[in-house]
Amino acid sequence: MNRRLAVSALTLSFALSTAFAGGSAQAPLGPVTTAQVSNDSDVLAMEVMSMSNLTEITTSQLALQKSSNQAIRAFAQQMITEHTRAQAELSNLAAQKGIRIADKPGADQRLQYNRLTTLSGAAFDAAYKNVQVNGHAMTLALIQTYRSIGKDPQGLALAAKMQPVVARHLEEAKALPGG
């Protein structure tokens, strides 16, 4: 009877430890990012900023393929250039700290991308503008929150450097034609 109780306690302990770590009792399907197993604000901020950069890049690449509006196309090229640079800087910082960050947009962002692939013309341009405005607004709010609770000096310095750029991108996105 005591052996059964000990085995049950061990099983429960394992299940709770994996649940609190954000995992499951099963082996992961692939590599995980550091943020998937951490509640550290510095790590989480890097993860979200990475997914944001990658979303801007992929949706803007799609805009270059689908939009014929010169203002949309110019903004899209600017987003690719500036977010590629920001992602490289973020990736370098994460690597220095031994943090594995996302290498693709989040699931919700990939769904937005998938929706964009189904649109064309003015409908695409309006939806792309909406994705850009909402994405930059969310990223700006994230950076502002992170700057008030973060602890890592290099992460905070990068966020401080990025904040005015993201704010500018938000205003430029709002000025795009469409919806």
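A few comments on the model shown:
- Here is the figure for the range 73-110: residues that are of a type in the set (A, V, I, L, M), at pLDDT below 95 and either part of a loop (DSSP other than H, G, I, E, B) or farther than 18 Å from Val32 by Cβ (or both) total 3.
- A Cβ distance below 9 Å, combined with a sequence gap of six or more or placement on separate chains, defines the contacts here; from the range 148-172, residues that are farther than 14 Å from Asn53 by Cα reach residues that are among the polar types (S, T, N, Q) and exposed (fewer than 12 other Cβ atoms within 10 Å of the Cβ) in the pairs Gln154/Gln96.
- Looking only at the range 124-156, residues that are open to solvent by less than 60 Å² (accessible area, probe 1.4 Å), of a type outside the set (Val, Ile, Thr) and over 17 Å from Gln61 (Cα atoms) come to 9 in all.
- Of all residues in the range 89-111, exactly one satisfies the criterion of being open to solvent by 30 Å² or more (accessible area, probe 1.4 Å), within 14 Å of the chain's Cα centre (by Cα) and within 23 Å of Arg168 (Cβ to Cβ), namely Ser91.
- The range 112-123 - residue that is open to solvent by less than 70 Å² (accessible area, probe 1.4 Å) and out of contact with any Leu (no Cβ under 6 Å at 6 or more places or on another chain) and, of those, nearest to Ala159 (Cα to Cα): Thr117
- Residue match in the range 147-167 (condition: assigned to a loop (DSSP other than H, G, I, E, B), on the phi > 0 side of the Ramachandran plot and of a type outside the set (Asp, Glu)): no
- Those residues of the range 111-123 which are within 13 Å of Thr59 (Cβ to Cβ), assigned to a helix (DSSP H, G or I) and not basic (Lys, Arg), in sequence order: Leu111, Gln112, Tyr113, Asn114, Leu116, Thr117
The values are calculated or read from the model by the stated rules, or taken from the named source; none is laboratory data. Every value quoted in this text rests on a predicted model; they were computed, and no experiment measured them. A quick note on method: Cβ atoms are made from the backbone with ideal geometry, for glycine too, and the neighbour counts reach across all protein chains shown. Surface accessibility is based on the protein's heavy atoms, side chains included, excluding ligands, DNA and RNA. Shrake-Rupley method; radii C 1.70, N 1.55, O 1.52, S 1.80 Å.
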